[in-house]
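Read the structure below first, then the notes.
Rule-based calculations on the coordinates, nothing more; no lab input. These numbers come from a predicted model, not from an experiment. Ideal geometry is used to build each Cβ from the backbone, glycine not excepted, and the neighbour counts take in all protein chains shown.
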Amino acid sequence: MAALELVNRRVSYQVEVCTRESSEFCMRHHDAQKDRAAVRAEIEGIQSHEALARFEAHCRALEARVAVLETHACRLEWQRQAADDFAFEHIMRTQALEAGAHINTLEDTGSSS
């Protein structure tokens, strides 16, 4: 009987140890799941931050490109205005020359009669 009682104590002790280890394992597993979720959330936060940084950099690049295009458009407008001014001056000179030539022609015609 003493041997049976000793075996029962050993079995009871092993059950206690296994129950405690199982409980500890479950707690560690639960903690690991929470840690995993926290790490996953942190990774998602970092990825979102990186995506935002890329988007902001792209926006800055587009703003710089718009500034370049606006500058180019201003230069083209200045060139167009200069060409208009040049054309106007050319027309005025041509008209003045034609008027002068017309006067000379009239004078030549009047003096020859």
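Would you mind classifying the range 1-51 by shape? Square roots of the alpha carbon gyration tensor eigenvalues, ordered a ≥ b ≥ c; an a/c under 1.5 is rounded, otherwise it is prolate if a/b is larger than b/c and oblate if not. Because a/c hits 1.5 or more and a/b exceeds b/c, the range 1-51 counts as prolate. A compact globular protein would have a Cα radius of gyration near 2.2 N^0.38 Å; the ratio found for the chain is 3.63. Highest mobility in the GNM of the chain, judged by mean-square fluctuation with C-alpha springs under 10 Å and restricted to V68, V17, V39, is found for V17. Electrostatic bookkeeping for H49 treats Lys and Arg as +1 and Asp and Glu as -1; over the other residues with beta carbon under 11 Å from its beta carbon, the sum is -3. Simple rule: put +1 on each Lys or Arg Cβ and -1 on each Asp or Glu Cβ in the chain, find the dipole, and look at A61, T105, L4; the Cα lying farthest toward the positive end is L4. Largest mean-square fluctuation among Q81, Q47, Q14, in a Gaussian network model of the chain whose springs join Cα atoms under 10 Å apart, belongs to Q14. Karplus-based coupling profile of the range 83-97, in residue order and whole Hz: 5, 4, 4, 5, 5, 4, 4, 5, 4, 5, 5, 4, 5, 5, 5, with θ = phi - 60° in 6.51 cos²θ - 1.76 cosθ + 1.60 and x standing for Gly or Pro. Along the axis of the charge dipole computed for the chain (Cβ charges of +1 for Lys and Arg, -1 for Asp and Glu, origin at the Cα centre), the listed residues I46, C26, H90 are led at the positive end by C26.
Taking the chain as a Gaussian network of alpha-carbon nodes connected by springs under 10 Å, the highest mean-square fluctuation of the residues S23, S48, S12 belongs to S12. Per-residue ellipticity at 222 nm, computed for the chain from helices alone with -39500 (n - 2.57) per DSSP H run of at least four residues, works out to -38000 deg cm²/dmol.
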